[in-house]
Amino acid sequence: MTIHTPVEANERVYPTPKVPAVAICLDGCEPEYLDVAIAKGLMPNLKRMREEGTDRLAHSVIPSFTNPNNLSIATGRPPIVHGICGNYLIDPDTGEEVMMNDVRFLRAPTIFSQFYDAGFRVAMVTAKDKLRALLGAGLKFDEDRAVAFSSERSGETTKADHGIDNASEWLGMEVPEVYSAELSEFVFAAGVKLLKEFKPDVMYLSTTDYIQHKFAPEQQGALDFYAMFDRYLGELDALGAAIVVTADHGMKPKHHADGTPNVIYAQDLLDVWLGKDEARVILPITDPYVVHHGALGSFATAYLPEEADRAKVMEKLRAQKGITHVLTKEEAIERFELPGDRIGDIVMVSGENICIGTSEHRHDLAALKEPLRSHGGLTEQEVPFIVNRKVDLPSNPAELRNFDAFFYATTAAAL
Ligand SMILES: [Zn+2]
């Protein structure tokens with residue numbers, strides 16, 4: 001089927017790709033990882049892409065967490081439009097703390113589902129299964145035009161629900177451990193094979209940041225990871241795809257010199273100021289996979305008791321060393337484009353080398369095997385944005401967003 005109508009998704013119009021339009025979200029890819037690996041000669045393909053294509057930096061959405069940014073990339077819009085502003089929230093309908101990875105929380109169609117409905121072929125591979133349902137929302141698998149699965153559950157995929165039976169067997173790679181570099185390698189390998197065999201018009205590959213939480217850019221674990229990625233990137237490029245490489249967020253060390261985590265425990269502070277459990281601090285980084293970050297990041301929101309003096313609480317929080325921003329809900333909606341019904345009365349952001357926790361006793365820091373590296377704040381907002389073709393892109397990172405990835409991938413693919 002030849003399709004010529006441009007596809008519209010969430011009030012943006014996407015050019016019709018002539019070659020596969022591929023966006024790759026390298027989870028937690030602080031730009032320094034690429035600079036260091038390239039300087040060491042480990043990424044010849046990306047180095048060439050930077051020289052011959054388009055090399056920029058972009059801004060992620062805030063909070064600089066995985067799900068809000070993956071859904072922004074998938075919808076082309078900020079969280080105020082798609083509704084996913086973290087992994088975890090207080091459900092305004094029930095008042096309960098729940099995971100936000102259910103499709104019922106998603107308020108906008110994905111670019112993939114809009115392309116699918118227009119008759120295109122669509123593929124999407126994620127590392128963790130928590131993202132697959134959200135990113136795969138609206139796709140149908142009965143016409144052999146869509147594939148959507150995670151490496152984590154690649155041994156259980158079916159044609160009816162994922163567009164492919166047993167993806168692990170199809171790829172010839174074992175189902176990887178959830179805490180491993182292989183979980184992301186599986187994504188790249190599947191992307192190459194899908195490009196060769198399934199021939200999608202639009203494809204999204206999204207990895208996990210296990211390695212980035214664990215290793216700094218110059219450490220061997222990180223260097224090996226980016227060298228591995230570069231080999232697959234070379235294959236994707238050689239297959240003629242138009243590729244955008246970006247990230248959901250950066251990654252910064254957030255520990256003391258002795259390796260212990262540098263944390264402000266916001267719930268403990270509010271308990272002292274307002275009474276125990278009067279306020280509720282929510283850390284939207286919270287998810288079942290806490291081994292690599294201990295549920296500690298640089299963004300938190302808090303629900304305050306009605307009688308609390310919000311301005312006074314905010315002033316006291318601002319006086320805490322390491323807290324860089326304290327915003328009212330209204331300011332956070334305006335500045336960070338967040339859905340107001342899914343954040344608390346105030347929003348806090350911490351600095352480059354410090355994170356925000358709830359109560360000290362609620363964080364299992366013994367699970368952290370390495371000095372804490374994490375994200376969530378404005379200091380992890382700058383991410384790579386590299387296209388393997390020449391495209392006219394803003395050079396100011398604040399004007400280019402990671403969620404423009406599919407707009408520019410399809411633009412490059414339509415050239
Ligand atoms: Zn992430």
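Things worth noting here:
- Alpha carbon centroid spacing (whole Å) that separates segment 93-167 from segment 173-202: 15
- Taking trypsin sites (Lys or Arg not before Pro) across segment 361-395, the ones in a DSSP loop with at most 10 further Cβ atoms lying within 10 angstrom of their Cβ are LYS369.
- Inter-site label distance for VAL13 and GLU32 at 7 Å from Cα along Cβ, in nm: 4.3
- Working from label points 7 Å from Cα in the Cα-to-Cβ sense, the GLU352 to LEU415 distance is 3.4 nm.
- Computed with a 1.4 Å probe over protein heavy atoms only, the accessible surface of segment 263-374 comes to 44 Å² per residue.
- Percent accessible area from carbon and sulfur atoms, the chain, protein chains only, probe 1.4 Å: 48
- Of the GluC sites (Glu not before Pro) found in segment 15-107, the ones in coil according to DSSP and having at most 11 other Cβ atoms within 10 Å of their Cβ are GLU96.
- Packing here is the average count of other Cβ atoms within 10 Å per residue, and on that basis the peptides 5-12, 265-272, highest first, run 265-272, 5-12.
- Computed FRET value (nearest 0.05) for GLU399 with LEU239, which takes r as the C-beta separation and R₀ as 30 Å: 0.45
- Remark: segment 35-40, residue by residue, has Karplus-estimated 3J(HN,Hα) of 4, 5, 5, 5, 4, 8 Hz, where x stands for each Gly or Pro and the curve is 6.51 cos²θ - 1.76 cosθ + 1.60 at θ = phi - 60°.
- Counting 0.36 nm for each residue step from LYS321 to ALA366 and taking away their Cα separation leaves a gain of 13.7 nm.
- As a calculated quantity, the FRET efficiency between VAL98 and LYS312 at R0 = 25 Å, using C-beta atoms, amounts to about 0.25.
- If you plug the beta carbon distance of GLU177 and VAL272 into 1/(1 + (r/R0)^6) with R0 = 45 Å, you get a FRET efficiency near 0.65.
- Extension gain for ARG231 to ASP142 (0.36 nm times residue separation, less C-alpha to C-alpha distance): 28.7 nm.
- Using θ = phi - 60° and Karplus 6.51 cos²θ - 1.76 cosθ + 1.60, couplings along segment 262-277 (whole Hz; Gly, Pro as x): 9, 10, 9, 8, 5, 5, 4, 5, 5, 4, 5, 6, 10, x, 4, 6
- Quarter of Cα convex hull surface for the chain, i.e. mean projection, nm²: 19.2
- Derived scalar couplings ³J(HN,Hα) [segment 216-221; Karplus, 6.51 cos²θ - 1.76 cosθ + 1.60; whole Hz; x for Gly, Pro]: 6, x, 8, 7, 4, x
- Potential lengthening of the chain between GLU330 and LYS159 amounts to 57.1 nm, from the contour at 0.36 nm per residue minus the alpha-carbon distance.
- P(r), alpha carbons of segment 263-374 - 5 Å bins starting at zero, rounded %: 2, 12, 23, 24, 20, 12, 5, 1, 0
- Interchain or long-range residues, amide H under 5 Å from SER374's placed H: LYS252, LYS254
- Modelled spin-label separation between GLU51 and GLU197, with each label point placed 7 Å from Cα along the Cα-to-Cβ direction: 3.5 nm.
- DSSP beta bridges fully contained in the chain are about 55 percent antiparallel.
- Beyond 23 Å in Cα-Cα separation lie the following of the pairs LYS40/LYS130; LYS128/LYS369; LYS254/LYS276: LYS40/LYS130; LYS254/LYS276.
The values are calculated or read from the model by the stated rules, or taken from the named source; none is laboratory data. No experiment lies behind these values; they were computed from the predicted model shown. With ideal geometry, Cβ positions are generated from the backbone for all residues, glycine too; neighbour counts draw on all protein chains shown. Protein only, heavy atoms only, side chains kept; ligands, DNA and RNA dropped before computing areas. Shrake-Rupley method; radii C 1.70, N 1.55, O 1.52, S 1.80 Å.
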